[in-house]
Every structure is written in structure tokens, then in C-alpha cells.
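Enquirer: This structure is in C-alpha cells; I'll ask about it shortly.
Coordinate-derived values only; no laboratory data. Since this is a predicted model, take the numbers as computed values, not measurements. Neighbour counts are summed over all protein chains in view; Cβ atoms, including those assigned to glycine, are modelled from backbone coordinates with ideal geometry.
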Amino acid sequence: MNDAKVHCAVEVVNVSKYFDDVAAVDQVNLKINKGEIFALLGGSGCGKTTLLRMLAGFEKPSQGDIKINGVSVLNSPPYQRPVNMMFQSYALFPHMTVEQNIAFGLKQDKLPAAQIVARVTEVLGLVQMEKFRSRKPAQLSGGQQQRVALARSLAKKPALLLLDEPMGALDKKLRMQMQLELANIIESVGVTCVMVTHDQEEAMTMADRIAIMDQGRIMQVGQPREIYEFPNSKLTAEFIGSINLFKAVVSGGELTCDELPGQVVAGEANAAFDGPCYVALRPEKIRLEAGRNLDAKNCAAGKVNDIAYLGSHNVIHVRLDVGAGQGKVVQVHVSNFARHATQTFDFEQSVVLSWDQDAVVLIKADQP
Amino acid sequence: MKISRYLLLAGLVFLYFPLLVLVIYSFNESRLVTIWTEFSVKWYLELLEDRQLMDAFFLSLQIACSTAFMSVLLGTIAAYVLVKFGRFPGQTLFSSMIIAPLVMPEVITGLSLLLLFVGLGNWLGWPASRGAMTIWIAHVTFSVAFVTIVITSRLREMDSSLEEAAMDLGATPLKVFLVITLPLISPALISGWLLAFTLSLDDLVIASFVSGPGSSTLPMVIYSSVRLGVSPKINALATIFVGLILVGSFVFWWSMQRWTRYSAAKTSGQQ
């Protein structure tokens, strides 16, 4: 019990937030461990930003409790919480230099001047912006502004760092670079971090654990790999990456899938329930071969419907030949191992899809 | 193209030729405003000795300055409440009552304020007599409307996450207002101040209603003296004003220009 408290930096207990009777955040329970980067991932309007703003203190929960290091912060205003936030727009004070921006928070704590200068130099070094300390924010590029914003929010050594859409204002190329860099800096400081993003790649690159949110509720919490490989609902499966779903039913341990012609056998980890479900297959876990010979299980025949060459891999759409799923289109990713393709596919070519039983994920259907 | 040029020129002449004539005739020797005799600066010297005009000038300046300061103070508070406090009961009433003096005819404003001051004087014994104080109150009531609009628009376009960031970093709401909000809206405060100053200096109608004996503002003195016949002294005074306004607005324009060019250079330096 005690041990759990030490490891838990932030506890969100049954928190709801209503705006005019509409639940923006709906009975959310979360435990965030010390030193981890935790991502709240979801589409717009899913409540992730409201949850973040409640952690910062800009919104008050309608019910529930928020504890930081075991102490409830419900009644402390933003300026008394050991929480600092990096805003989506960075919110650097335009009339202050980089140095003054970073010193702002330290000055509020009435630290001695020498100590402030030392700490400012330290965090500027951390984000490699020492050379720019006397510049105004408008004289910096987007990436540099982000580093300053990060430095400012780390300067006070917060118990919890919040990132609101950290890459929202950057272009795509810079984004990839900054994601890794930001994650490295945060990990080297060892601060607990909650980030909000709508970009699954960003969440998977930066976060140790991800919570998928929809309509104010948490759908699934887990490491990026868990969420990708073992989605627990249709929504998370479709939100993260692309996936092929086939309607199926489990009864008495027997899986029947009408939309696929052959017998479908799933890995043992999955089939522990009864009722309607989906057979879920990730496109990169399906093998594609020319020909017509079918095995008894975990395969299907079809014709090539569409081919998209994406450089690193091809996305091939195959229309199924037989079964109740006739005409259903399945997405398959085929990686380009060799520069000169040894095996190419043509439109309307007959092909066979096959997959390992480990690749099959069974997702319980929410609605029949 | 050609025709529009001429039209523009004609418009400018129509607007500024009278001003030019006024300036030229301020250096006229003759007492008659319409007949040019020879160059002299004697009307400027006489102007300095005219106690009534100079008193009125300083009174107007005093009222205009204090009106500007008070309007900026009240206008900032009103704008802050309107923009930052979200919806509150009576918000629409509050905002329309602040804006109302903009569309109210000056005569109505002046008359109603006069009635108010007379009524208050009878009831409470304050204001005992009308004068600089009542003019100041009247000027503040209508200047606040303009100042509030200027500051409201600036506050609205300000990124509110700046204030949240300051609060997040440990600044109390009062500190945030003083250290973040005020500096960021300062251009609006300055232009609001100038606007209120000009409005107050310029006002004749409302001041005539609410002024009392011995407290005539400059526009009132000029207006009454012109009725008795135009003296070239007025020309001299007007010339001084035009000069001051030209210099003032040039300095304002120049500093604004420099400021925008500076920030534009910085923004383009980003890429």
C-alpha cells in the first residue's frame, strides 16, 4: 500500500467535468507512475485537454479528486500547484527575453538572484539554447521557441510536467526530430510527464504509456505495444494504426467467422468470452501470395483491387472471393525488402491471404 | 486614373486649404482677417498676453490630461471585466451602457448631465457649483466609451494562454495582470489615452452645458470670441495647435512604424 503510493505521482480518482450538463470528462480513473511519460490520446472533443487543464488547475472537476504525490490538489489554484505546463502555442511572454521568460517562475518563488541565474543557465544548457538567452521569443524559430518553452516549464523542477499538443505548431519533419529530443530531455530530467495529443505516432514515439480517450472516457490504458497488439475495443483498434475487422461469434469456445471463408483459429490469449465479436487483423501481419491453393485454416482467397506504392511498403487492397464477406476489401501491407521487386502484383490477379494464429485478435463487440 | 488623381487633389485642397489660409493669416500684420498687409508675429505675442485665452488654454489642457488618465483607468477595468469574466448576469446591459455615449447626441448627454449636477447639488450639496470638476466628470463619462472599445479589442486578440502560463509559473492573478496583461495591452492604453485627450480638448457642446462661471474651456472661449468678430489671435492659437498636432501625430506614427517594422523584421527572420 505504502509502496504503491511512492511509485504513484499522480492519481486521478473518479474525476468528472460537466459543461452545461454535458460530460467533457466522465468518471476517469488514472494512476501515473513517477518518472513516466504518459500520453492522453484521442480525437478532438474527447476530453483530453479538459483533463489536462484540471491537472494544471485551470478547470475544477465537477466531482472526484486529483492527488499529486498523494496530496489532494483540488483546492489549490494553478499558482500553488507543483505542476508546470508547456502550452500548445508555447505562450512565451513576447515582451521578455528568453532569459526573463525562464526566470519568471523562479522569481515568483523569490529565490536569490544568483540562484536564479544559475538555474536559468542550467536549463538553457539542457535544451541547448545558451546562445539565445538575450533574444526575444519573436526572434526564434518554432523549434527554438519550443525548447525555450520546455526549459521554462522545467525551471521550477515541477512534480508534474504537462505538455499540451507539444508538436502542434511544428511542421512534419521537425516534429519527428523534436519528439525524440523532447522525450530524451524529459527522461534525463526524470520528471513525471502527462502529454495530450491527437497524433498516435507522437504518442507512441514519446510515451511510456498511453490512455486512449473517447467521449470523456478512458477506453484503454497501456504501453504502446500493448495497445497496438492487443486492442480491447473496436474503437482503439481503429484509432491506432489501420486494421481489418471481420464480424464473428464465439459460442462455447468455438469461433465462427462468416465473413472469412476458411476456419479461423485465434491465439489462446484471446478466446475467453462468449458472444458476438470481431476478428481483427493488422495489415502488416497478413501474407500475400499469388495462386489459388487454400489451406484449411487462417487464409482467404481474393483478387487484387488496388495497389498503392508508399516507398517503404505497398498497401494492397484485396477483394475477397467467397463467403459471406464476398466483396469485402482487405488491406495488406507488403514491405519492400529488395530494391528490384522480385514479386509484384497486378490488378485483378488472384491471390491468397494467410496469417498466423498469433496475429488474430478477437475484440468483443460493444453492440450486437 | 488621371481623373481620380484630380478628384483626390480637389478633395485634399477642399479639406486643407482653409487650414493653410488660417496659418498664413496668423502671420498677418493687419487686424482684419481677410486682407493681407505684411508679415508679422505680433498676434502671437498678443496671444501670450491675453490672460483669458491663456487661462482657458491651461484649463483645457488640465481637464484633457486628467480626463485621459481617468478614462484609461476606468476603461481598462471595464474592458477587463467584459473580456475576462465570462458571461455574468447583466453583461449585455453593462456593455451596452458603456458603449451608449458613443451614439448619444452630445446635446442630450450635456443636458442630462447638467440636470444630474443641479439635482445632486440641491439634494446633497455636491457639486456646490459647476466648474472644472463637473466638466471633468462629463468628459470622463463619454471618453470612457471610446477607450473601453479600444482596450476591449486589444484584450480580445491577446492569447489568453499567456496569462495562464504566468499563473502556472506561480504568479498570483494580480501579479499576472500587472506583469503580463498590462505591458501587452500598453499600445492600446496609449492610443486610448490620446483619444480621450483629444476628445476632451475638442469638446464644446458638453462643456458648455456643465461648466460654471470662471471655468471656460478653450473651445468655449474661442467660440464666444469669434461671435464678437474674428481676431487674428485665434488664428495664431490655431496655428500653434495645428503645429502641435502635426508634431505629435508624426512622432506617434514614426514610433509605431519603427515598432511594426522591427517586429516584422523579427518575424521574417524566423524562417
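Enquirer: Which value, in debye to the nearest 20, describes the size of the charge dipole of the protein assembly as shown about its Cα centre when Lys and Arg Cβ atoms bear +1, Asp and Glu Cβ atoms bear -1, and nothing else is charged?
Expert: So the dipole magnitude of the protein assembly as shown works out to roughly 1760 debye.
Enquirer: Which aspartates and glutamates, if any, have their Cα less than 16 Å from the Cα of A:Lys131, not counting same-chain residues under 8 positions apart?
Expert: A:Glu99, A:Glu122
Enquirer: Shifting gears a bit: Ignore the peptide's own chain and count Cβ atoms of other chains within 10 Å of each Cβ in A:48-59; give me the average, rounded.
Expert: 1
Enquirer: Counting only helical runs of four or more DSSP H residues, what would the 222 nm mean residue ellipticity of chain B come to if each run contributes -39,500 (n - 2.57) and the total is spread over all its residues? Walk me through the numbers on the way to the answer.
Expert: Details: 12 runs with 211 residues, N = 271.
The helix-only estimate for chain B comes to -26500 deg cm²/dmol at 222 nm.
Enquirer: Straight distance only, please: which aspartates and glutamates reach the Cα of A:Lys172 with their own Cα at less than 16 Å, same-chain residues fewer than 8 apart left out?
Expert: Cross-link targets: A:Glu181, A:Asp199, A:Glu201, A:Glu202.
Enquirer: Straight-line reach only, C-alpha to C-alpha below 28 angstrom: list the lysines that B:Lys233 could link to, leaving out same-chain residues fewer than 8 apart.
Expert: Cross-link targets: B:Lys42.
Enquirer: Given the pairs A:Lys136/B:Lys175; A:Lys285/A:Lys328; A:Lys303/A:Lys364; A:Lys31/B:Lys175; A:Lys328/A:Lys364; A:Lys110/A:Lys157, which span a C-alpha to C-alpha distance of over 23 angstrom in this model? Before the final figure, lay out each step's value.
Expert: Details: A:Lys136/B:Lys175 21 Å; A:Lys285/A:Lys328 18 Å; A:Lys303/A:Lys364 29 Å; A:Lys31/B:Lys175 34 Å; A:Lys328/A:Lys364 21 Å; A:Lys110/A:Lys157 15 Å.
Over 23 Å apart, Cα to Cα: A:Lys303/A:Lys364; A:Lys31/B:Lys175.
Enquirer: Say the dipole of the protein assembly as shown comes from +1 at the beta carbon of Lys and Arg and -1 at that of Asp and Glu; which of B:Ile35, B:Ser66, B:Ala128 then lies farthest toward its positive end?
Expert: Of B:Ile35, B:Ser66, B:Ala128, it is B:Ile35.
Enquirer: To the nearest 10 degrees, how steeply does helix A:172-189 sit against the main Cα axis of chain A, on a 0 to 90 scale?
Expert: 60 degrees
Enquirer: While we're on this one: Can you give the charge dipole size of region B:50-229 about its Cα centre, rounded to the nearest 20 debye, using +1 on the beta carbon of Lys and Arg and -1 on the beta carbon of Asp and Glu?
Expert: About 280 debye.
Enquirer: Along the three principal axes, how long is region A:1-72 when you take its alpha carbons, biggest first, rounded to the nearest angstrom?
Expert: Rounded to whole Å, the extents work out to 39, 23, 18 Å.
Enquirer: Still on this model: Provide the descending list of Cα extents for region A:61-115 along its principal axes, expressed in whole angstroms.
Expert: That works out to 40, 29, 15 Å along the principal axes.
Enquirer: For A:Asp208, A:Asp366, what's the fewest-to-most ordering of other Cβ within 10 Å of each Cβ?
Expert: On the way: A:Asp208 16, A:Asp366 10.
Lowest count first: A:Asp366, A:Asp208.
Enquirer: In whole Å, what is the distance between the alpha-carbon centres of region A:116-161 and region B:133-191?
Expert: Rounded to whole Å, the Cα centres lie 28 Å apart.
Enquirer: Shifting gears a bit: How far is helix A:142-154 tilted off the main Cα axis of chain A, in degrees rounded to 10, range 0 to 90?
Expert: Orientation of helix A:142-154: about 60 degrees from the principal axis.
Enquirer: What percent of all Cα-Cα pairs in chain B falls into each 10 Å bin, going from 0 up to the bin containing the maximum distance?
Expert: Calculated P(r), rounded to whole percents: 6, 20, 26, 24, 16, 7, 1, 0.
Enquirer: What is the dipole size for region A:134-260, taken about its Cα centre, with +1 at each Lys and Arg Cβ and -1 at each Asp and Glu Cβ, in debye to the nearest 20?
Expert: Values: 14 positive and 16 negative charges, 196 e Å.
The calculation lands at about 940 debye.
Enquirer: Quick check on the exposure proxy: order B:Ile24, A:Ile240 from fewest to most C-beta atoms within 10 angstrom.
Expert: Values: B:Ile24 13, A:Ile240 22.
Fewest to most other Cβ atoms nearby, the residues stand as B:Ile24, A:Ile240.
Enquirer: Considering Cα pairs under 8 angstrom that are at least six residues apart, work out the relative contact order of chain A and quote it in whole percent.
Expert: Numbers: 763 pairs, mean separation 57.1, N = 368.
So the answer I get is 16 percent.
Enquirer: Which of the helices in chain B, when you take each full DSSP H run, stretch at least 30 Å along the axis at their Cα atoms and have an average Kyte-Doolittle score of 0.0 or higher?
Expert: Details: long enough: B:2-25 (33 Å, 1.85); B:51-84 (49 Å, 1.29); B:132-157 (37 Å, 1.17); B:232-268 (53 Å, 0.53).
Going by DSSP H runs, the hits are B:2-25, B:51-84, B:132-157, B:232-268.
Enquirer: What is the projected area of the convex hull of the Cα atoms of chain A, averaged over all directions, in nm²?
Expert: 23.3 nm²
Enquirer: Once the Cα gyration tensor of region A:168-218 is diagonalised, what are the square roots of 5 times its eigenvalues, in whole Å and ordered largest first, as equivalent ellipsoid semi-axes?
Expert: 20, 16, 8
Enquirer: Given 20 °C and 1.002 mPa s, compute D for the protein assembly as shown with the Stokes-Einstein relation, Rh being the Kirkwood radius over Cα pairs; round to the nearest whole µm²/s. Walk me through the numbers on the way to the answer.
Expert: On the way: Rh = 31.4 Å.
Taking Rh from Cα pairs, D becomes 68 µm²/s.
Enquirer: For the residues A:Phe93, B:Phe197, what sequence is obtained by ranking on other C-beta atoms within 10 Å, fewest first?
Expert: Working: A:Phe93 20, B:Phe197 23.
The most exposed by this proxy come first: A:Phe93, B:Phe197.
Enquirer: For peptide A:129-141, how many partner chain Cβ atoms fall within 10 Å of a residue's Cβ, on average? Walk me through the numbers on the way to the answer.
Expert: Values: counts 0, 0, 0, 0, 0, 0, 1, 3, 1, 8, 6, 3, 3.
That works out to 2 on average.
Enquirer: I'd like the orientation of helix A:113-126 relative to chain A: the angle between its Cα long axis and the longest Cα principal axis, in ° from 0 to 90, rounded to 10.
Expert: Approximately 20 degrees, to the nearest ten.
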